[in-house]
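Okay, structure first, notes after.
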């Protein structure tokens, strides 16, 4: 698909911690930035209908229910069939849109996407078709000046070695399709780089990944999430979510300490004024707003999950990143990266 081909994506107006108007403003910014983009705004009629009347390429997707951050994800998806998350995923399934972006409940988005957008299936050795486990994937800034793909970040806490192999294959496809890395180097997250290091689980994963994952570079450590030594870091969703939040916490601590130090004296305040633009650049780079969100790989459509504490810029970039993934043929490239996929 060419870079300016027409793409339709759904944006969840009710997703995130901020008021719906923030999401609507982000949709408007995305439409202004991409003239080949159409957006289905999913939310209550009194919010989305007047907004869509103002924009030629905005269409209302009326959803009178919303899933809150405190709702039980699976129960909410089953009970709130007319919620913005469920209707957004169903629109992708029905072909009304090619992608869905929401900054709402991660658990609910994963549950709805798995139920309605549906995972790819692989043919087992017994001849049966089985759905794969989707994985949450994003790209983190690294010290080499590029981005490191990280998967799984929390989609599947309990997995088998076969799932880890597919996470690696899907993560590599993402690195190539979205980031333009032709031959990604893939690392297995462990407690040391030596082959004999790791838990019983990672030791079971290592030989399978070495055999079936192109570009497998062996074990890597937590520091390699940001070192640039590998292009893709793979782990189970439980470990990935803990590692991600630890990394985010360290970044917040560093920024907070810098602010305290600089504003603690007159000299520091003068220095802060001189490097204000640079500090804002560092904050923006670490916030993730520029990347739009994390993508749920392994589905029949593009699903992007934004951060709950979203902003106009984050919504704009989330919608644009969803369209970019569609145009890059990410779904097809991810499917072709895994042997035995049968749809």
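So for region 134-284, averaging the separation of alpha carbon pairs under 8 Å that are six or more residues apart and normalising by length, what relative contact order in percent results? Could the numbers behind the result be given before it?
On the way: 249 pairs, mean separation 43.6, N = 151.
Relative contact order for region 134-284 comes out at 29 percent.
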field: Reference-scaled alpha-carbon Rg (2.2 N^0.38 Å with N residues) for region 36-139
entry: 1.21
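Could you tell me what % of all Cα pairs in region 134-284 have separations over 19 Å? Don't jump to the answer; show the numbers that get you there.
Values: 6204 of 11325 pairs.
The proportion of pairs with Cα distances above 19 Å equals 55 percent.
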message: Please compute the contact order of the chain in relative form: average sequence separation of alpha-carbon pairs under 8 Å and at least six residues apart, divided by the residue count, as a percent.
response: 24
query: Expressed in whole Å with the largest first, what are the equivalent ellipsoid semi-axes of region 78-138 derived from the C-alpha gyration tensor as the square root of 5 times each eigenvalue?
result: 24, 13, 11
statement: Highest mean packing first, using Cβ neighbours within 10 angstrom, the peptides 72-82, 141-151 sort as 141-151, 72-82
- line: The distance between the Cα centres of region 311-343 and region 211-247, in whole Å, is 20
message: Ignoring everything except DSSP H segments at least 4 long, calculate the 222 nm mean residue ellipticity for the chain; use -39,500 (n - 2.57) per segment, divide by total residues, nearest 500.
response: -13500 deg cm²/dmol
- prompt: After finding the eigenvalues of the alpha carbon gyration tensor for region 12-70, what semi-axes result from the square roots of 5 times each, listed largest first in whole Å?
  reply: 20, 13, 9
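Could you sort 20-32, 193-205 so that the peptide with the highest average Cβ count within 10 Å comes first and the rest follow in order? Working shown, then result.
On the way: 20-32: 21.5, 193-205: 14.7.
Going by the mean number of other Cβ atoms within 10 Å, highest first, we get 20-32, 193-205.
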message: Return the Rg/Rh ratio of the chain with Cα-based radii and a Kirkwood Rh.
response: 0.99
task: Mind ranking 114-122, 179-187, 102-110 by how tightly packed they are, going by the mean number of other C-beta atoms within 10 angstrom, highest first?
output: 102-110, 114-122, 179-187
- request: Would you kindly state how much longer the chain becomes between residue 248 and residue 55 on full extension, computed as 0.36 nm times their sequence separation minus their alpha carbon distance, in nm to one decimal?
  value: 65.8 nm
Distance from region 20-42 to region 73-146 (C-alpha centre basis), Å: 21
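A short reminder: the numbers here are calculations on the coordinates, not readings from a lab. Owing to the predicted nature of the structure, the values given are computational and were not obtained by experimental measurement. No Cβ is skipped: glycine too gets one built from the backbone with ideal geometry, and neighbour counts run over all protein chains shown.
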